[in-house]
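Chemist: If you scroll down you'll find the structure; I have some questions about it.
Each reported figure results from applying straightforward, stated rules to the coordinates on display, with no laboratory input. Quick caveat: nothing in here was measured; it's all calculated off a predicted structure. Every residue, glycine as well, gets a Cβ built from its backbone with ideal geometry; the counts of neighbours run over all protein chains shown.
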Amino acid sequence: MARTLRELRPVRVVGIGLHRYQRAGDTPYVTLGLTAVREALADAGLQWRDVESVYNGTAMLGMAPTRPMLRHLGATGIPMAQVENASASGSTAFAQACLEVASGISDVALAMGVDKPGPMAIAGAKAGIRDLVGARVAPFTHFALLSNEYMHRYGVRPEQVAQVAVKNSRNGAANPYAQRQKVRSLEEVLAPPQISGTLTRLQCCPIGEGAAAVIVASDDAIRRLGLAASRAPRVLASVTRTESVYPGAKNFDAELTSETTSLAYEQAGVGPQDLDLIECHDAFAVEELLYVEAMGLCGEGEGAAMLANGDTAIGGRCAVSASGGLLSMGHPIGPTGAGQICELTRQLRGEAGPRQQPEARTGLAHMVGIGAVCVVHVLQRD
Amino acid sequence: MPELERQVAHPGLYRASGEQPALIGQHCTGCGHLAFPPNPYGCEACGAQPEALEKRELAGAGELAAFATVHLHMGGGIEAPFTVGVIVLDDGPAVRATLTCPTDDGLAIGDRVSSVLVSQGSDDEGTETVELRFIPHSSGSAEDSRVRGEA
Ligand SMILES: [Zn+2]
């Protein structure tokens with residue numbers, strides 16, 4: 001019979017590390033990745049030889065980037081695999097590492113992500129099925145269409161959607177790992193260039209380079225290696241879903257998030273009212289409103305009001321994208337999902353400094369990948 | 001015959017003729033699922049094999065469910081700005097298509113739209129390429145006539 005993560009042995013996050021997300025430059029991906037992994041090892045108090053396997057989320061580097069990078073930590077012969085799931089690559093790497101530790105195959109596993117912008121050859125375009133618009137509808141136009149429909153349905157104005165980017169710029173400004181570290185006013189967010197529909201540049205995430213690393217371990221390993229259990233939140237749920245066939249013109253992004261989150265709540269034994277923070281796939285501003293509703297944080301059409309009254313700000317009922325989200329922290333693709341786990345862990349430990357969500361105990365990470373994939377994790381400190 | 005010298009920009013997705021050209025959809029004889037665009041592989045609703053899938057013409061008429069003026073894109077055959085829409089066809093499926101109006105001024109969700117063939121220009125041999133777009137009925141009509149390259 002199929003089992004969930006929660007029914008297997010506990011998995012905890014013991015170490016986190018990042019290389020700042022930044023505009024693409026000359027830094028080799030090896031430097032990006034090693035920086036994140038070394039920081040995660042130091043954070044956990046682990047040696048490289050303690051790590052038993054690696055899943056590396058990457059989408060744009062090309063074939064087999066992991067071993068040429070990690071051999072510089074000392075070639076210990078451990079299994080390594082690249083994981084590609086579009087924007088959810090790092091989330092899927094984390095899911096795989098969790099399953100491996102939960103199943104007992106490994107005691108300590110590294111999930112990471114590293115990417116530099118490169119040719120994005122999306123395989124779906126080669127599937128042999130043509131549509132009427134092709135690349136005329138880029139991802140930002142997909143979300144511009146959803147924005148238009150959302151604003152019409154609930155009587156929400158473009159400025160209310162743009163406030164997502166204003167809030168997340170505030171959070172990103174307090175995050176030394178963020179690509180955008182500037183507080184932006186509503187006026188700045190609404191300023192041209194216009195990209196598609198009501199979406200302006202600052203309502204679209206920047207795609208740069210960076211790396212994120214998360215080390216997960218079993219309770220056995222935590223005892224054996226003398227790690228700090230108090231700084232190691234447990235992974236309560238790991239759920240991945242793909243899009244189904246939804247009737248008519250239904251918003252499949254929101255439907256998919258709703259389905260995936262519901263399963264994660266069930267697996268974790270928590271509900272939306274228990275969440276202290278969420279790292280949300282806010283690649284485009286409207287997504288945060290769609291998804292907080294789909295996750296059941298508020299009713300349909302109430303996302304903008306929830307944002308306006310501060311419920312999703314740091315210090316509010318449930319901080320959404322305290323890291324700055326994809327909009328401000330950035331979206332280097334491979335690392336993004338792993339970076340969300342870094343932020344949740346830092347927050348649940350109470351180590352997030354100026355962007356700390358008070359009393360954070362339970363957090364949820366949510367990523368969407370083209371294809372259409374949704375990955376949700378729930379973490380909780382004891 | 002001028003009709004013979006036209007080719008469609010997206011073969012297999014719509015007819016190259018007619019006042020309100022039909023879209024080529026796909027009906028699953030296994031479960032009744034009606035889809036656009038058609039695929040040669042199998043039914044995404046029930047998994048029926050290609051033999052169970054049959055082409056079905058979908059009337060080029062429907063209602064606008066969403067729209068956006070695009071300023072940036074990587075697609076071909078058009079210069080920004082242009083407007084794309086989600087159209088729920090009267091026959092059921094929702095499709096995404098380019099609208100005949102360059103901007104969304106005057107458009108509203110719920111507007112009736114219908115399909116129209118727009119010229120994409122001709123090659124050296126005089127063969128004209130046409131693509132299917134949607135023209136709004138209730139608004140933006142001043143712009144429609146400008147863009148609707150009559151052959
Ligand atoms: Zn079927």
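Chemist: Within region A:84-92, can one find any residue that is under 30 Å from A:S185 (Cα atoms) and away from chain B (no Cβ under 14 Å)?
Modeler: Yes, there is a match, as at least one residue in region A:84-92 is under 30 Å from A:S185 (Cα atoms) and away from chain B (no Cβ under 14 Å).
Chemist: Give me a count of the residues in region A:156-187 that are of a type in the set (G, A, S) and touching a Leu at 6+ places or on another chain (Cβ under 8 Å).
Modeler: Going residue by residue through region A:156-187, those that are of a type in the set (G, A, S) are A:162, A:165, A:169, A:172-174, A:178, A:185.
Subsequent filtering for residues that are touching a Leu at 6+ places or on another chain (Cβ under 8 Å) retains A:162, A:165, A:169, A:172.
Going through region A:156-187 one residue at a time, the tally reaches 4.
Chemist: Here's another thing I want to ask about it. In this structure, is A:G118 in a loop (DSSP other than H, G, I, E, B), at the interface with chain B (Cβ under 8 Å from one of its Cβ atoms), out of contact with any Ser or Thr (no Cβ under 9 Å at 6 or more places or on another chain) and of a type outside the set (S, T, N, Q)? Even if it seems obvious, please write down each step before you answer.
Modeler: On the way: in a loop (DSSP other than H, G, I, E, B): yes; at the interface with chain B (Cβ under 8 Å from one of its Cβ atoms): no; out of contact with any Ser or Thr (no Cβ under 9 Å at 6 or more places or on another chain): yes; of a type outside the set (S, T, N, Q): yes.
Judged against the criteria, A:G118 is not a match.
Chemist: What is the number of the single condition among (1) surrounded by fewer than 23 Cβ atoms within 10 Å (Cβ to Cβ); (2) of a type outside the set (D, E, K, R); (3) away from chain B (no Cβ under 14 Å) that A:A217 does not meet?
Modeler: (1)
Chemist: While we're looking at this one, here's another question. With respect to A:D50, determine if the residue is out of contact with any Asp or Glu (no Cβ under 6 Å at 6 or more places or on another chain) and within 24 Å of A:Y177 (Cβ to Cβ).
Modeler: no
Chemist: Specify which of the listed residues (B:A108, B:A45) is closer than 19 Å to B:I135 by Cβ, out of contact with any Gly (no Cβ under 8 Å at 6 or more places or on another chain) and at the interface with chain A (Cβ under 10 Å from one of its Cβ atoms). Spell out the reasoning first.
Modeler: Working: B:A45 fails: closer than 19 Å to B:I135 by Cβ.
Sole residue among the options that is closer than 19 Å to B:I135 by Cβ, out of contact with any Gly (no Cβ under 8 Å at 6 or more places or on another chain) and at the interface with chain A (Cβ under 10 Å from one of its Cβ atoms): B:A108.
Chemist: If you scan region A:157-185, which residues turn out to be under 19 Å from A:G316 (Cβ atoms) and within 14 Å of chain B (Cβ to nearest Cβ)?
Modeler: A:V161
Chemist: Something else now. Which one is surrounded by the fewest Cβ atoms within 10 Å (Cβ to Cβ) among residues in region A:283-304 that are within 20 Å of A:A264 (Cβ to Cβ) and charged (D, E, K, R)?
Modeler: A:E300
Chemist: When you check B:L34 against the structure, is it within 30 Å of B:G110 (Cβ to Cβ) and more than 16 Å from the ligand (Cβ to nearest atom), yes or no?
Modeler: So B:L34 does not fit the description; no.
Chemist: Could you please find all residues in region A:203-214 being more than 26 Å from A:S106 (Cβ to Cβ), more than 14 Å from every other protein chain (Cβ to nearest Cβ) and not charged (D, E, K, R)?
Modeler: Listed by number, the residues that qualify are A:C205, A:P206, A:G208.
Chemist: A further question on this structure: Tell me which of these A:P193 doesn't satisfy, since it passes every other one: (1) more than 21 Å from the chain's Cα centre (by Cα); (2) within 13 Å of chain B (Cβ to nearest Cβ); (3) surrounded by fewer than 20 Cβ atoms within 10 Å (Cβ to Cβ); (4) closer than 30 Å to A:K250 by Cβ.
Modeler: (4)
Chemist: Moving on. Scan region A:147-156 for residues that are out of contact with any Phe, Trp or Tyr (no Cβ under 8 Å at 6 or more places or on another chain) and either within 30 Å of A:T35 (Cα to Cα) or at the interface with another protein chain (Cβ under 7 Å from one of its Cβ atoms) (or both) and report the count.
Modeler: Within region A:147-156, residues that are out of contact with any Phe, Trp or Tyr (no Cβ under 8 Å at 6 or more places or on another chain) and either within 30 Å of A:T35 (Cα to Cα) or at the interface with another protein chain (Cβ under 7 Å from one of its Cβ atoms) (or both) number 2.
Chemist: Within region B:37-72, which residues are within 23 Å of A:L145 (Cα to Cα) and within 16 Å of the ligand (Cβ to nearest atom)?
Modeler: B:P37, B:P38
Chemist: Still on this structure, please answer the following. Can you pull out the residues in region A:100-122 that are within 30 Å of B:M74 (Cβ to Cβ) and of a type in the set (D, E, K, R)? Full working, then the answer.
Modeler: From region A:100-122, those within 30 Å of B:M74 (Cβ to Cβ) are A:112-122; that's our starting set.
Once the filter is applied, which keeps residues that are within 30 Å of B:M74 (Cβ to Cβ) and of a type in the set (D, E, K, R), region A:100-122 yields A:D115, A:K116.
Chemist: Quick check on A:A268: is it surrounded by 16 or more Cβ atoms within 10 Å (Cβ to Cβ) and closer than 14 Å to A:H366 by Cα?
Modeler: For A:A268, the condition - surrounded by 16 or more Cβ atoms within 10 Å (Cβ to Cβ) and closer than 14 Å to A:H366 by Cα - is not met.
Chemist: Let me spell it out: the conditions are (1) over 17 Å from B:I87 (Cα atoms); (2) of a type in the set (F, W, Y); (3) facing chain B (nearest Cβ under 10 Å), and A:F143 meets all of them except one. Which number is the exception?
Modeler: (1)
Chemist: Additional query: Could you check region B:48-81 and list, in sequence order, the residues that are among the acidic types (D, E) and facing chain A (nearest Cβ under 10 Å)? If you could, list the steps in order and put the result at the bottom.
Modeler: Here is the first cut: in region B:48-81, the residues among the acidic types (D, E) are B:51, B:54, B:57, B:63, B:79.
Answer for region B:48-81, where residues must be among the acidic types (D, E) and facing chain A (nearest Cβ under 10 Å): just B:E63.
Chemist: Now a separate question. Return the total of residues in region B:6-31 being surrounded by fewer than 18 Cβ atoms within 10 Å (Cβ to Cβ), within 10 Å of the ligand (Cβ to nearest atom) and within 13 Å of chain A (Cβ to nearest Cβ).
Modeler: Residues that pass the stated criteria total 1.
Chemist: Looking only at region B:50-84, which residues are hydroxyl-bearing (S, T, Y) and over 28 Å from B:D123 (Cβ atoms)?
Modeler: The answer is B:T69, and nothing else.
Chemist: Still on this model: Within region A:121-140, how many residues are among the aliphatic types (A, V, I, L, M) and at the interface with chain B (Cβ under 9 Å from one of its Cβ atoms)?
Modeler: At the first step, the residues of region A:121-140 found to be among the aliphatic types (A, V, I, L, M) are A:121-123, A:125, A:127, A:129, A:132-133, A:135, A:137-138.
Imposing the further condition that a residue be at the interface with chain B (Cβ under 9 Å from one of its Cβ atoms) reduces the set to A:127, A:129, A:132-133, A:135, A:137-138.
Counting residues in region A:121-140 that are among the aliphatic types (A, V, I, L, M) and at the interface with chain B (Cβ under 9 Å from one of its Cβ atoms) gives 7.
Chemist: If the Cβ limit is 8 Å and pairs must be 6+ apart or interchain, which residue in region B:84-99 that is within 8 Å of another protein chain (Cβ to nearest Cβ) and under 15 Å from A:H142 (Cβ atoms) pairs with which residue that is in a loop (DSSP other than H, G, I, E, B) and aromatic (F, W, Y)?
Modeler: B:V95/B:F36
Chemist: So which of B:G106, B:G47, B:G62 is surrounded by fewer than 18 Cβ atoms within 10 Å (Cβ to Cβ) and in contact (Cβ under 8 Å) with a residue 24 or more places away in the chain?
Modeler: After ruling out the rest, the residue left standing is B:G106.
Chemist: Can you find a residue that is on the phi > 0 side of the Ramachandran plot and assigned to a helix (DSSP H, G or I) anywhere in region A:351-370? Spell out the reasoning first.
Modeler: Initial filter on region A:351-370 (on the phi > 0 side of the Ramachandran plot): A:353, A:359.
Filter once more, keeping what is assigned to a helix (DSSP H, G or I): A:353.
Within region A:351-370, one or more residues are on the phi > 0 side of the Ramachandran plot and assigned to a helix (DSSP H, G or I).
Chemist: Any idea which of (1) out of contact with any strand residue (DSSP E or B) (no Cβ under 6 Å at 6 or more places or on another chain); (2) part of a strand (DSSP E or B) is the one A:M112 doesn't satisfy?
Modeler: Going through (1) out of contact with any strand residue (DSSP E or B) (no Cβ under 6 Å at 6 or more places or on another chain); (2) part of a strand (DSSP E or B) one by one, A:M112 breaks only (1).
Chemist: If you don't mind, another one. Being hydrophobic (A, V, I, L, M, F, W, C) and not in a loop (DSSP other than H, G, I, E, B) is the filter here; which residues of region A:161-183 pass it?
Modeler: Within region A:161-183, A:V161, A:A162, A:V164, A:A165, A:V166, A:A173 meet the criteria.
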